[in-house]
Ligand SMILES: [Zn+2]
């Protein structure tokens, strides 16, 4: 009993002295995390949908938030996109320095070696509760408040439908980037210019093939059919194999 007590005192003292991330993480860790959840501290916000975290072990990792895409702030060819800085500021404000809870879908990492994760600002009692997702799941908040578009990357699609629903709501309410998108479309009279603008924003720089969930065909991003796909049916595949594996058929016009 005495030994046990001493260990507690010792760890409290150490935490006090070091006041380190790992101590704080362990305080929050105890007990009730849903299975598969990992508590980490956000040490840097890179942009609206990418953060850097410190694990309990002290290891650091980059995390790309699943299912969302915020406008670029530092893309080599696209540069700063409208609303990118606002999205970064929103994420910084909410996450920088905080303890958050990471949840995996299917993939461990993307091809840039970033962890692919859902980021919870509070551990949910029921991770599938819509109410909890709306308030505690940061990926969902980005979409709901108009800082990000929903973006489906198979196989990490557990919440794709929900994110599309949030996107519809945000668009209807004209939140965030949707206020810009409406203004852009209103200002554009030429139909051909129109479709390039609208869909360039929908498809991220990491995309290579665009699927239509309705027709089950997939296209090269530049295919004339792409702008005609309803946003809610757009599925982005990182490569050809993913599209074929998901049961999509190559478009005969653009021959992807
Ligand atoms: Zn095509």
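The values are calculated or read from the model by the stated rules, or taken from the named source; none is laboratory data. In this text the structure is predicted, and so the values were computed from the model without any measurement. Heads up, the Cβs are rebuilt from the backbone with ideal geometry, glycines too, and the neighbour counts pull from every protein chain shown.
So residue 116 clears everything in (1) within 9 Å of the chain's Cα centre (by Cα); (2) buried (at least 21 other Cβ atoms within 10 Å of the Cβ) except one condition, right? Which one? (2) is the only condition that residue 116 fails. A single member of 101, 118 is at pLDDT 95 or above, part of a strand (DSSP E or B) and in contact with a helix residue (DSSP H, G or I) (Cβ under 8 Å, 6 or more places away or on another chain), and it is 118. Taken over segment 219-241, the criterion of being outside any loop (DSSP other than H, G, I, E, B) and either near the ligand (Cβ under 8 Å from one of its atoms) or closer than 21 Å to residue 162 by Cβ (or both) is satisfied by 219, 226, 231, 232, 233, 234, 235, 236, 237. For segment 242-256, filtered to residues that are without any contact (Cβ under 8 Å) to a residue 60 or more places away in the chain and surrounded by 15 or more Cβ atoms within 10 Å (Cβ to Cβ), the residue that is farthest from the ligand (Cβ to nearest atom) is 244.
Restricting 246, 181 to residues that are more than 14 Å from residue 153 (Cβ to Cβ) and at pLDDT below 90 narrows the list to 181.
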